[in-house]
Amino acid sequence: MNATPTHCPYCALQCGMTLHGTGGRAVRIEPRDDVPANRGGLCQKGWTAAELLTVPDRLTAPMMRRRRDAPQEPCTWDEALDRVAAEAARLRALHGPDAVAVFGGGGLTNEKAYQLGKFARVALGTSQIDYNGRFCMASAAAASGRAFGMDRGLPGPVTDLAASGAVLLVGGNPAETMPPFMRHLAEMRDGGGALIVVDPRRTATARQADLHLQPVPGTDLALANGLLHLALAEGLADERYIAARTTGFGAVRTVANAYWPDRVERITGVPVPAMREAVRLLARAGRAHVLTGRGGEQHADGTDTVSAFINLALALGLPGREGSGYGCLTGQGNGQGGREHGQKADQLPGYRRIDDPAARAHVAAVWGVDPAGLPGPGRSAYELLSALGTDGGPKALLLFGSNPVVSAPDAARVQERLDALDLLVVADFVPSETARRADVVLPAAQWAEESGTMTNLEGRVLRRRRAVRPPAGVRTDLEIIGALAERLKAPGEWSADPEAVFGELRRASAGGAADYAGIDYARIEAEGGVFWPCPSPGHPGTPRPYLDRFPTPDGRARFVAVEHRGPAEDVDAAHPVYLTTGRVLAQYQSGAQTRRVPALAEAAPGPFAELHPDLAERLGIEDGAQVRVESRRGAVTVRARLTEAVRADTVFVPFHWAGEERANLLTNPALDPVSRMPEFKVCAVRVGVSPF
Ligand SMILES: Nc1nc2c(c(=O)[nH]1)N[C@H]1C(S)=C(S)[C@@H](COP(=O)(O)OP(=O)(O)OC[C@H]3O[C@@H](n4cnc5c(=O)[nH]c(N)nc54)[C@H](O)[C@@H]3O)O[C@H]1N2
Ligand SMILES: Nc1nc2c(c(=O)[nH]1)N[C@H]1C(S)=C(S)[C@@H](COP(=O)(O)OP(=O)(O)OC[C@H]3O[C@@H](n4cnc5c(=O)[nH]c(N)nc54)[C@H](O)[C@@H]3O)O[C@H]1N2
Ligand code: SF4
Ligand SMILES: [Mo]
């Protein structure tokens, strides 16, 4: 029996766990108590993660279909890789380099995310690469960038939260999405701190809060401006901090003036006394945090909404003070690192901009190519997916680490676009709904079968360690990318050794905002993780980046004046109810992994619509009945779950299931103009007994 210390395959908390195995198989998982994020805790997904390694329909041989309408059949690796390389070269010769697109994921290790971005730019020469993080925390990233000059999820170690005096949590439900995270909030409350939750539903998290504000979906921006108005009116702003550490407050003060409490109550449905209470708790706490989750961010005005909450945090003097600040609860396992090293359409490694000549020169030198040959920025995730197979759009897609048939907004359209491609290539370890539609399926190694690094929600770079052998017939993503690069005669190094790729990533990131130059595997191991930026081997890493100055040209944080706009698609007579979507404890994302773990499938067997009993009565719907939920894009029929926890004007449907049960048949792909984030969290629907 051997024991391998590593981290959970799922979310950004990256709980530490030890895998006990025998004969190359993992048999038992034990939580680690030396990892501050979870300190001995795991959620049900973590406890059962070893079962992922042995799911019965694990992909173990490459597959392809000879014609679009033919079934997928097993083939050899050479056949699969030769076909992908030949088709990519053919389409490129015919239509230009942007004919081949790449889509990545925030679950990929830093090494894979880096290599995938390099593969797109160097081996394919395409600008058309983006990833599922665009669906995740892109709005928080954009707002952090414009306020602080940098985007690193949390402003300090997660344990800082326990010492906080108040946490305002906007649109996050960690009691279900990161259960062990709740212990930091519980510790804070034990120490006298207050938890304030903003969510249209009275979630498991909201039930543990001292104060729950329950706004209409899509009105958080107005709420934030209203809270700022109250803070200013009650003289709670930190004028000295504002003068010393920020710019742009004048315009924000002017905007906030117009968000008087009654008006904000009318827009949001949140009573004025509750708003007042929230502001007082935050302002009087000493140390305090403002945090956002997807509920506040996944909107067509998500970037401005996060800016509005950052404005509030800045007015109260929180960012850049030890034990206080603004933070985003990053979601996917490597949601943080995955957004730093070049799988984003507009990005080069180290969080560099692809349209910055100095960044291009630096990275091209590391890659051994001419900077003039690097493509420019490409399309964002939804724009890329919805352009597939169109005139002027990509004709081939190589996809690593995402299942957009289930998880992309307006999923029926995305599925239609995928089917219109000349070539769809999917690397995965299970036959996901997207892999099933592919022309070529490449069976990949997973999590405990390979090593690499992950950067957790704190910005701490961690080691994922290999504990078991991958099944015969399976290759790692780095081997797959390397083999394709070789066939495409790409210049430069294409190592399949994660540590060698990390060495190159260090050089490529050096001098960028997300600087990993001083981090290596041995250090991560010795120090239990290293916080970026870490520009040199002697540098201690940066747990709290903004204490002395913000990484903006003048060292100050920037207020950004923003106005309430409301949902892109509001309710009307035909579609009178708001739909919002999100997660349940036992399922993860598109469900490709968790629907295959029996204990999780049993705990959360299928989708449902949460309805308030008043709404249900008006519509004549009983608990457990089949209800039809219909938007302008599509309809689903799911089971009604009556609960007073949801607003009476809103229904909630989780998005983890496939086929006709996909919540994303309903969602609105309206995009945020800055982050290009789709509006997953609100659209207009009608609801009725099925069939209508
Ligand atoms: N069990 C589980 N855990 C996960 C995941 C998973 O799929 N399953 N995924 C991981 C990933 S990638 C992510 S991004 C995180 C996401 O973690 P969270 O952000 O916590 O998850 P969500 O359920 O998407 O949304 C949170 C809450 O937003 C609320 N909400 C909906 N609309 C609005 C609104 O307009 N305003 C406000 N204020 N709130 C609103 C919902 O009611 C919901 O309770 O979870 C990670 N952890
Ligand atoms: N309606 C609605 N839709 C949403 C959201 C919402 O709140 N509401 N949330 C959005 C958010 S925040 C996110 S993050 C997305 C996530 O949605 P997806 O991008 O679909 O994420 P997953 O379901 O995790 O899909 C990952 C796929 O890649 C595979 N995989 C995992 N790791 C690896 C790897 O290392 N290599 C390879 N080759 N494959 C791997 C898995 O088996 C799985 O099939 O969904 C978004 N969609
Ligand atoms: S909270 Fe996240 S990292 Fe921790 S065990 Fe659950 S899924 Fe894994
Ligand atoms: Mo996410």
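The values are calculated or read from the model by the stated rules, or taken from the named source; none is laboratory data. A quick note: this is a predicted structure, and the numbers were derived from the prediction, not measured. Every residue, glycine as well, gets a Cβ built from its backbone with ideal geometry; the counts of neighbours run over all protein chains shown.
Tabulated data
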item: Residue within region 277-290 that is of a type in the set (Val, Ile, Thr), touching a residue at least 24 places away in the same chain (Cβ under 8 Å), farther than 26 Å from residue 189 by Cβ and in contact with a helix residue (DSSP H, G or I) (Cβ under 8 Å, 6 or more places away or on another chain) present; result: no
item: Single unsatisfied condition, residue 304 versus (1) farther than 21 Å from residue 560 by Cβ; (2) assigned to a helix (DSSP H, G or I); result: (1)
item: Enumeration of residues in region 500-526 that are among the acidic types (Asp, Glu) and in contact (Cβ under 8 Å) with a residue 24 or more places away in the chain; result: 504, 515, 525
item: Residue tally, condition within 21 Å of the chain's Cα centre (by Cα) and more than 13 Å from ligand 1 (Cβ to nearest atom), over region 547-587; result: 0
item: Test: residue 616 is touching a Gly at 6+ places or on another chain (Cβ under 8 Å), surrounded by 21 or more Cβ atoms within 10 Å (Cβ to Cβ) and more than 17 Å from residue 295 (Cβ to Cβ); result: no
item: Residue among 620, 591 that is more than 16 Å from ligand 3 (Cβ to nearest atom) and farther than 30 Å from residue 264 by Cα; result: 620
item: Helices (runs of 4 or more DSSP H) completely within region 115-231 that count 3 or more residues being more than 16 Å from ligand 2 (Cβ to nearest atom) and not charged (D, E, K, R); result: 138-148, 182-190
item: Test result for residue 137, crowded, with 24+ Cβ neighbours inside 10 Å, modelled with pLDDT of 95 or more and of a type outside the set (Phe, Trp, Tyr); result: yes
item: Residue list for region 176-206, restricted to those being under 25 Å from residue 581 (Cα atoms) and away from ligand 3 (no atom under 16 Å from the Cβ); result: 195, 196, 197, 198, 199, 200, 201, 202, 206
item: Meets criteria (within 16 Å of ligand 2 (Cβ to nearest atom) and not assigned by the TED database to the domain that holds residue 111) for residue 561; result: no
item: Complete set of residues in region 180-220 that are buried (at least 22 other Cβ atoms within 10 Å of the Cβ), near ligand 1 (Cβ under 10 Å from one of its atoms) and not β-branched (Val, Ile, Thr); result: 181, 199, 200, 201, 206, 213, 215, 217, 218, 220
item: Subset of region 352-402 [touching a Ser or Thr at 6+ places or on another chain (Cβ under 7 Å) and buried (at least 20 other Cβ atoms within 10 Å of the Cβ)]; result: 378, 399
item: Every pair of residues 6+ apart whose Cβ atoms lie under 7 Å, when the first sits in region 29-40 and is without any contact (Cβ under 8 Å) to a residue 12 or more places away in the chain while the second is buried (at least 18 other Cβ atoms within 10 Å of the Cβ) and not aromatic (Phe, Trp, Tyr); result: 40/31
item: Exclusive hit being more than 20 Å from the chain's Cα centre (by Cα) and not hydrophobic (A, V, I, L, M, F, W, C), set 341, 299, 289; result: 289
item: Unmet criterion (only one of (1) assigned by the TED database to the domain that holds residue 373; (2) free of Cβ contacts under 8 Å to residues at least 12 places away in the same chain) for residue 491; result: (2)
item: Residue under evaluation residue 590, criteria (1) in a loop (DSSP other than H, G, I, E, B); (2) over 25 Å from the mean Cα position of the chain (by Cα); (3) surrounded by 15 or more Cβ atoms within 10 Å (Cβ to Cβ), criterion not met; result: (2)
item: Hits in region 248-273 - residues which are among the polar types (S, T, N, Q) and either surrounded by 15 or more Cβ atoms within 10 Å (Cβ to Cβ) or not assigned by the TED database to the domain that holds residue 198 (or both); result: 268
item: Some residue of region 317-330 being among the basic types (Lys, Arg) and within 16 Å of ligand 1 (Cβ to nearest atom); result: no
item: Any hit, region 548-564, residues being surrounded by fewer than 17 Cβ atoms within 10 Å (Cβ to Cβ) and under 30 Å from residue 650 (Cα atoms); result: yes
item: Residues that are in a loop (DSSP other than H, G, I, E, B) and either of a type in the set (Val, Ile, Thr) or at pLDDT below 95 (or both), drawn from region 617-659; result: 621, 643
item: Residues (closer than 15 Å to residue 585 by Cβ and surrounded by fewer than 21 Cβ atoms within 10 Å (Cβ to Cβ)) located in region 42-55; result: 44, 47, 48
